[in-house]
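Just below is one structure, and these are the notes that go with it.
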Amino acid sequence: MPKRPDIKQGDLHLVINDWESRFVGEAKCYNSQGKQIWKIPALAKGVDGPRTNIHAGDTPAGLYLAGQIYESQDHEPAHIWRSYGKWCVDMIEQENQEAGVGRAGICLHGGGSGLPDPLADYQELIPTFGCVRMHNRDLDTVVIPCLKAAVSKGHRMWITVNQLR
């Protein structure tokens, strides 16, 4: 079970639950008082899952901190846009859950290489190489504005990933 984040006033806690028995999981965001403020679909499955200790496996369970926000730029190659969509948020491990199994670079993003329209607002959520995938529209209108608002006030977004059977 992931450790509990050190949530301070103004912080957010994004809890991502992914079940092996269901194709799509969920992401619920809570404010610092523990009140749920939104819920959206999310997928924490890797193309080589369900193991998490291999490249392209499921997203390693545990506690992360939302890090750098990357916005894909118009001049970047099409494969960047197809892979990540417009937004990508670095997930900074807090429990050695990436490095401990020889993995790195876990992020939260949209897109979907191989889809007919990976930039559609509500593209199909397909497995990644180990990241968490969300709908492009949800990232653009819910996740990123919420994260940017928190960071602009000196607060953080904690992310807990649960891999449930």
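The values are calculated or read from the model by the stated rules, or taken from the named source; none is laboratory data. Only a predicted model underlies this, so the values are computations on that prediction, with no experimental measurement involved. We place every Cβ from the backbone using ideal geometry, glycine too, and count neighbours over all the protein chains shown.
Restricting attention to segment 65-87 and to residues that are touching a residue at least 24 places away in the same chain (Cβ under 8 Å) and not in a strand (DSSP E or B), the residue that is surrounded by the most Cβ atoms within 10 Å (Cβ to Cβ) turns out to be Tyr84. Of everything listed in (1) touching a residue at least 40 places away in the same chain (Cβ under 8 Å); (2) in contact with a helix residue (DSSP H, G or I) (Cβ under 8 Å, 6 or more places away or on another chain), the single unmet condition for Pro127 is (2). Do we have any residue at all in segment 154-163 that's under 13 Å from the mean Cα position of the chain (by Cα), surrounded by fewer than 20 Cβ atoms within 10 Å (Cβ to Cβ), without any contact (Cβ under 8 Å) to a residue 24 or more places away in the chain and in a strand (DSSP E or B)? No, the conditions are met nowhere in segment 154-163. Which of the residues spanning segment 111-140 are part of a loop (DSSP other than H, G, I, E, B) and more than 15 Å from Cys88 (Cβ to Cβ)? Result: Gly114, Leu115, Pro116, Asp117, Ala120, Asp121, Tyr122, Glu124, Leu125, Ile126, Pro127. Does any residue of segment 100-122 turn out to be surrounded by 13 or more Cβ atoms within 10 Å (Cβ to Cβ), farther than 19 Å from Tyr84 by Cβ and over 16 Å from the mean Cα position of the chain (by Cα)? Yes, the conditions are met somewhere in segment 100-122.
Considering each residue of segment 7-20, count those that are in contact with a strand residue (DSSP E or B) (Cβ under 8 Å, 6 or more places away or on another chain) and surrounded by fewer than 15 Cβ atoms within 10 Å (Cβ to Cβ), and give that number. Number satisfying all stated conditions: 1.
Can you tell me which residue in segment 88-99 is surrounded by the most Cβ atoms within 10 Å (Cβ to Cβ), limited to those that are at pLDDT 95 or above and aliphatic (A, V, I, L, M)? Looking at the filtered set, the residue picked out is Met91. Could you say whether any residue in segment 39-53 is free of Cβ contacts under 8 Å to residues at least 24 places away in the same chain and outside any loop (DSSP other than H, G, I, E, B)? Yes, some residue in segment 39-53 is free of Cβ contacts under 8 Å to residues at least 24 places away in the same chain and outside any loop (DSSP other than H, G, I, E, B).
Would you confirm whether or not segment 27-48 contains a residue that is among the hydroxyl-bearing types (Ser, Thr, Tyr) and either crowded, with 20+ Cβ neighbours inside 10 Å or within 20 Å of Gly112 (Cα to Cα) (or both)? No, segment 27-48 contains no residue that is among the hydroxyl-bearing types (Ser, Thr, Tyr) and either crowded, with 20+ Cβ neighbours inside 10 Å or within 20 Å of Gly112 (Cα to Cα) (or both). Gly62: surrounded by 18 or more Cβ atoms within 10 Å (Cβ to Cβ), within 27 Å of Leu119 (Cα to Cα) and touching a residue at least 40 places away in the same chain (Cβ under 8 Å), yes or no? Considered against the rule, which asks whether it is surrounded by 18 or more Cβ atoms within 10 Å (Cβ to Cβ), within 27 Å of Leu119 (Cα to Cα) and touching a residue at least 40 places away in the same chain (Cβ under 8 Å), Gly62 comes out as no.
Out of all the residues in segment 88-107, which are part of a strand (DSSP E or B) and touching a residue at least 60 places away in the same chain (Cβ under 8 Å)? If the condition is that a residue be part of a strand (DSSP E or B) and touching a residue at least 60 places away in the same chain (Cβ under 8 Å), then Met91 is the only one that fits. Checked against (1) under 26 Å from Lys28 (Cβ atoms); (2) out of contact with any Pro (no Cβ under 9 Å at 6 or more places or on another chain), His75 passes all but a single condition, namely (1).
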